[in-house]
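Note sheet for the following structure.
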Amino acid sequence: GPDSARAGAMTLERAAEAPVAVLLPTRNGAGTLGEVLEALRRQTCRCDFDVVAIDTDSTDGTRELLERHGVRTRQIQRDEFGHGRTRNDLAEMVPRARYLVYLSQDATPVGPWLEALLDAVTTGPEVAGAFSRQAPRPGANPLVARRMLEEWPQVGGADRIEKRLAPVCGAAIDHELAHFANTSSCVRRDVWSEIPFPDVPFAEDVAWACLVLAAGYRLVYEPRSVVLHSHGGSAWRQL
């Protein structure tokens, strides 16, 4: 519980032993990755956690940055990467981790990010996974920031949402129900072992959400777990 929380450890030596693992797929992420790794070092958690990465052919110093922070890293080429496949490979790197925490290289944890994610996933065995609230970065495109905070309740909304497939014949999984974000998420390993991420070109998190909901599990949007994450660009690009 909170009284026993202590500083989490990013340890190379214990990467196969800690019950929680933060899993980073990276590629040319040096612009934000240092900030993300420093934020991970400041996290407190009820148990030790490890950080591992799979880097896809970076050329901007990302690999060296991971090395300086002691992150165990596997290198792959671009033709080996897959949104679902690579996340499954990350889970295989930490065979004893009971909770798989996926984090994007440009999503910076804020406050008790990890503890809140674990709280959400450990509320019961029927919860397959939880995902975080995304707050716009300082200087974010105002259009994007407004939409995140006001129009997308499962991105920047302040209310906790628990989702399950209605137990009625013919119940459908629509986009709102299926929304799940590996930008920052926590997945129970026993559920992942039963239902790994599909090997799809894009949106492996949503495809996985459809499968686990159909299998009778629940998903949680946990706004107490927060990351800074937003993309820039013109209004036309956002449209």
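The values are calculated or read from the model by the stated rules, or taken from the named source; none is laboratory data. Owing to the predicted nature of the structure, the values given are computational and were not obtained by experimental measurement. Cβ coordinates were reconstructed from backbone atoms using ideal geometry, including for glycine residues, and neighbour counts include every protein chain displayed. Ligands, DNA and RNA are stripped out before the accessible areas are found, and what is left, the full protein with its side chains, is counted by its heavy atoms. Shrake-Rupley method; radii C 1.70, N 1.55, O 1.52, S 1.80 Å.
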(message) If you average the alpha carbon positions of the range 175-217 and of the range 141-174, how far apart do those two centres end up, in angstrom?
(response) 15 Å
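Report the gain in length on full extension from Arg68 to Ser193: 0.36 nm times residue separation, minus Cα-Cα distance, nm rounded to one decimal.
Numbers: separation 125, 0.36 × 125 = 45.00 nm, distance 3.15 nm.
Extending this stretch completely gives an extra 41.9 nm.
At 222 nm, what helix-only mean residue ellipticity would the chain give, in deg cm²/dmol to the nearest 500, using -39500 (n - 2.57) for each DSSP H run of four or more? Could you put the intermediate results ahead of the total?
Values: 9 runs with 68 residues, N = 239.
Result for the chain: -7500 deg cm²/dmol, rounded to the nearest 500.
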(message) What are the extents of the Cα atoms of the range 98-139 along their three principal axes, in Å, largest first?
(response) 40, 16, 13
(message) Please list, by residue number, every one of the GluC sites (Glu not before Pro) in the range 125-200 that is coil in DSSP and has at most 11 other beta-carbon atoms within 10 Å.
(response) Glu126
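Roughly how many Å² is the accessible area per residue of the chain, as a whole number, for a 1.4 Å probe?
Heavy-atom SASA per residue in the chain reads 47 Å².
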(message) 5 Å is the cut-off here: which amide hydrogens, built 1.01 Å from N in the peptide plane, fall below it relative to Arg218, excluding neighbours closer than 5 in sequence?
(response) Val127, Ala128
(message) Along each principal axis of its Cα atoms, how long is the chain end to end? Whole angstroms, biggest number first, please.
(response) 52, 43, 43
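Based on the Cβ-Cβ distance of His175 and Thr32, what FRET efficiency does E = 1/(1 + (r/R0)^6) give at R0 = 22 Å, to the nearest 0.05?
Efficiency, from the Cβ-Cβ distance: 0.20.
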(request) Quick one: dipole size for the chain, taken about the Cα centre, charges +1 on Lys/Arg Cβ and -1 on Asp/Glu Cβ, in debye to the nearest 20. (result) 320 debye
(request) Mind giving me the FRET efficiency for Ala166 and Arg96? R0 is 45 Å, r the Cβ-Cβ distance, nearest 0.05 is fine. (result) 0.80
(message) Out of the total accessible area of the chain (probe 1.4 Å, heavy atoms of protein only), what percent is carbon and sulfur?
(response) 53 percent
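For Arg78 and Asp159, compute 0.36 nm times the residue count separating them, minus their Cα-Cα distance, and round to one decimal in nm.
On the way: separation 81, 0.36 × 81 = 29.16 nm, distance 3.82 nm.
Computed gain between Arg78 and Asp159 is 25.3 nm.
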(request) Return the FRET efficiency for the residue pair Asp60, Phe202: r is the Cβ-Cβ distance, R0 is 22 Å, and the value is rounded to the nearest 0.05. (result) 0.45
